[in-house]
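A short worksheet on the structure shown next.
The values are calculated or read from the model by the stated rules, or taken from the named source; none is laboratory data. Worth saying up front: this structure is predicted, and the values here are computed from it rather than measured. Cβ placement follows ideal geometry from the backbone for every residue including glycine, while neighbour counts extend to all protein chains displayed.
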Amino acid sequence: MLLPPNHWLPQAPLDRLDLDWLAAAGIQVAILRLDLIDPLISGNKWFKLIEHLKAADQAGAQGIISLGGAHSNHLHALAAAGQRFGFTTVGLLRGHPQDTPTVNDLQAFGMQLHWLGFGGYRARHEAGFWTPWQALYPDLWPVPEGGGGLPGAEGCVQLKAMVSEQLNGLGWNDYDGWWLACGTGTTLAGLVLAEAGEHPVYGALAVPDDHGVAQHVESIVQEAGLQLPAYELFDASRGGFAKVDPPLLDFIAQTEQACGIPLEPLYTGKALLTLKQQLDTGRFARGTRLIFIHTGGLQGRRGFHSQL
Ligand SMILES: *Cc1c(COP(=O)(O)O)cnc(C)c1O
């Protein structure tokens, strides 16, 4: 069994996010701290893996093969889960062999690594990409990049219940929407399915427009048969995935100093800064209550240490 028998459903705390610019705009934000669910398997990545692990178990697989970059939070969570729960993991990496804190962890967690180069990695969406890998690892279940697709989204549906159960503790009876960082859009799609139009989900795109996030969300929503999805995407990439600039780093440092919550520059920092920019343009009326998801990813921050 890849999925632990008790299904290990960690609870993330929902806390108030108190920042002067939120107060000035009259907006209330609660932050779901997925970064705190586990020291190693952090953030949204565990939830995205759950249904993939179930499918692997049903197929009788002995482990998981998946893909990512040299700072990948997805591969990190997968490798840590494999070590903890005792299943095999293989990672197909983008680019050429390099040492990063993430790669060192993957090896320490016992993940078998293959470096695909850049061209080889680009071929990941082509038909037949998995064929040689499945021949090499017939007992492993392939999981798409970032744990995406409908199974990835379905694992995130439960985040709505996790938040609903904790609203009372904040003195809230309801909320007006979600705000979160998007890479593939899978986590957002899970919330869109969970809400089924009840509350809108706002996604801050950490990747440029041409990465096909909107199409990925659309295809998940259609596959799930949801008629009236309620979501909106905002560009938060600041010129490219992994592009980091001084105002962003200042904002992250100021946020951590003001409320003690650590953010990283690729996803959560960009998402919160983009919310601030939207408030500056008057996008949300005073009195709006939002749930901001801290999607984790702090392990990847080690790759940016010299800049932070
Ligand atoms: C992977 C990741 C995301 C993006 O999640 P998607 O489901 O791919 O949109 C957001 N934040 C962090 C910290 C991540 O590691």
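Name the residues in the stretch 109-123 that are in contact with a Leu (Cβ under 6 Å, 6 or more places away or on another chain) and touching a residue at least 24 places away in the same chain (Cβ under 8 Å), would you?
Result: His114, Leu116.
I need a count of the residues in the stretch 235-276 that are under 16 Å from Gly296 (Cβ atoms) and of a type in the set (A, V, I, L, M).
The number of residues fulfilling the criteria is 6.
Take the residues in the stretch 117-146 that are at negative phi and part of a loop (DSSP other than H, G, I, E, B), then tell me which one is surrounded by the fewest Cβ atoms within 10 Å (Cβ to Cβ).
The extreme case among them is Ala127.
Answer yes or no as to whether His76 is of a type outside the set (Phe, Trp, Tyr), modelled with pLDDT of 95 or more and within 17 Å of Ala108 (Cβ to Cβ).
When the stated conditions are applied, His76 passes them.
Select from the stretch 187-203 the residues that are aliphatic (A, V, I, L, M) and over 24 Å from His125 (Cβ atoms) and write down the one among them that is farthest from the ligand (Cβ to nearest atom). Reasoning before the result, please.
First pass over the stretch 187-203, keeping only residues aliphatic (A, V, I, L, M): 188-189, 191-194, 196, 201.
Now restrict to residues that are over 24 Å from His125 (Cβ atoms): 191, 194, 196, 201.
Values: Leu191: 10, Ala194: 14, Ala196: 19, Val201: 11 Å.
Result: Ala196.
Regarding Asp280, is this residue more than 27 Å from Ala25 (Cα to Cα) and more than 15 Å from the ligand (Cβ to nearest atom)?
no
Which condition does Leu49 not pass, out of (1) under 30 Å from Leu167 (Cβ atoms); (2) in contact (Cβ under 8 Å) with a residue 12 or more places away in the chain; (3) outside any helix (DSSP H, G or I), if it passes all the others?
(3)
Scan the stretch 12-37 residue by residue and report those that are within 16 Å of Cys156 (Cβ to Cβ) and within 14 Å of the ligand (Cβ to nearest atom).
Ala12, Leu32, Arg33, Leu34, Asp35, Ile37
If you go through the stretch 85-103 one residue at a time, do you hit one that is out of contact with any Leu (no Cβ under 8 Å at 6 or more places or on another chain), assigned to a helix (DSSP H, G or I) and in contact (Cβ under 8 Å) with a residue 40 or more places away in the chain?
yes
Evaluate the stretch 20-29: report whether one residue or more is touching a Ser or Thr at 6+ places or on another chain (Cβ under 6 Å) and not β-branched (Val, Ile, Thr).
no
On the given criteria, is Gly185 within 14 Å of the chain's Cα centre (by Cα) and on the phi > 0 side of the Ramachandran plot?
yes
With the structure loaded, tell me whether Gln112 is more than 16 Å from the ligand (Cβ to nearest atom), within 22 Å of Arg302 (Cα to Cα) and not acidic (Asp, Glu) or whether it fails that test. Explain how you work it out, then say what you get.
Working: more than 16 Å from the ligand (Cβ to nearest atom): yes; within 22 Å of Arg302 (Cα to Cα): yes; not acidic (Asp, Glu): yes.
The answer is yes for Gln112.
I'd like the residue in the stretch 161-185 that is within 15 Å of the ligand (Cβ to nearest atom) and under 18 Å from Ala12 (Cα atoms) and, out of all such residues, is surrounded by the most Cβ atoms within 10 Å (Cβ to Cβ).
Taking the candidates together, the pick is Ala181.
Within the stretch 53-84, track down each residue that is part of a helix (DSSP H, G or I) and polar (S, T, N, Q).
Gln58, Asn73, Gln83
Taking the stretch 126-154, which residues are within 30 Å of Ala12 (Cα to Cα) and either among the β-branched types (Val, Ile, Thr) or near the ligand (Cβ under 10 Å from one of its atoms) (or both)?
Selection gives Val143, Glu145, Gly146, Gly147, Gly148, Gly152, Ala153.
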